[in-house]
Structures are given as C-alpha cells and as structure tokens.
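Scroll down for the structure; my scribbles are underneath it.
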Amino acid sequence: MLVGLLAGAVGSVVLGYVMASFTDAHIPWLDSALTSFSLVAQFWMARKYVANWWLWIAVDIIYVGVYIYKDLDLTAGLYAAFIVLAVVGLRNWQRQLPGNHPPAAAAAL
C-alpha cells in the first residue's frame, strides 16, 4: 500500500505540473492529486484491498468541497452520495473478512 500512496503522490506532481503548465484549470494541483489518488483507489479496489474504501472516502470528501467551491452543488451532492456508498462498501467488506462473522449460536439469538 505504501507503493500505491507513493505512486499517487508522484502522479499528483506529474499531472499537476502538466495541468498547471498547459491548461487553464483553476485548481490544477488539487485536481491532479484527486485524480491520481482516485486511480490508486481504483487499483486497490481491483486488488481487493479494504483500504481502497478509506481512500475513496477521503478523496470524495475533498471532491465535495471542491465542487461546492466551484458552485457545482448537484455534483457535490453526487459525491456526497458516493461517500455514503463507500461507507456501505467498507462495512460490507469488513463483515466478509475472515474472523469477522458472529458465531452461529449468537447469530441465532
């Protein structure tokens, strides 16, 4: 996971430089960081790392703020819904981890 976070940081710098130099993006460094770490979260999800949900939650919280700042309230609402979905996904994945199931006798009560 440390390699993934490092890749996200490097990707943020590279993409941030490109966006700051060659586009008229308002917040190129933050946009590039969110994009880069979203790609890391997607990779982690494909690898079935539970930590992907924590990264999605963090990224989506920041996205909500960005979209509110940009007066894109409907999109901010969509990303708020993504946060809820990520929390549900996290809880479901954690329940399915080995050792996280209640004993059969306790579940029957």
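Select from segment 45-79 the residues that are surrounded by 13 or more Cβ atoms within 10 Å (Cβ to Cβ) and aromatic (Phe, Trp, Tyr) and list them in ascending order.
If the condition is that a residue be surrounded by 13 or more Cβ atoms within 10 Å (Cβ to Cβ) and aromatic (Phe, Trp, Tyr), then Tyr49, Trp53, Trp54, Trp56, Tyr63, Tyr67, Tyr79 are the ones that fit.
I need the full set of residues from segment 55-105 which are of a type in the set (Val, Ile, Thr) and either closer than 17 Å to Met45 by Cβ or modelled with pLDDT under 95 (or both), in order please.
Initial filter on segment 55-105 (of a type in the set (Val, Ile, Thr)): 57, 59, 61-62, 64, 66, 68, 75, 83-84, 87-88.
Across segment 55-105, the qualifying residues are Ile57, Val59, Ile83, Val84, Val87, Val88.
What is the residue count in segment 15-44 for residues that are open to solvent by less than 90 Å² (accessible area, probe 1.4 Å), in a helix (DSSP H, G or I) and free of Cβ contacts under 8 Å to residues at least 40 places away in the same chain?
Residues meeting the conditions: 18.
The values are calculated or read from the model by the stated rules, or taken from the named source; none is laboratory data. Worth saying up front: this structure is predicted, and the values here are computed from it rather than measured. Don't worry about glycine lacking a Cβ; one is built from the backbone with ideal geometry, like all the others, and counts go over all protein chains shown. Each accessible area value is taken on the protein alone, full model and side chains, heavy atoms only, with ligands, DNA and RNA left out. Shrake-Rupley method; radii C 1.70, N 1.55, O 1.52, S 1.80 Å.
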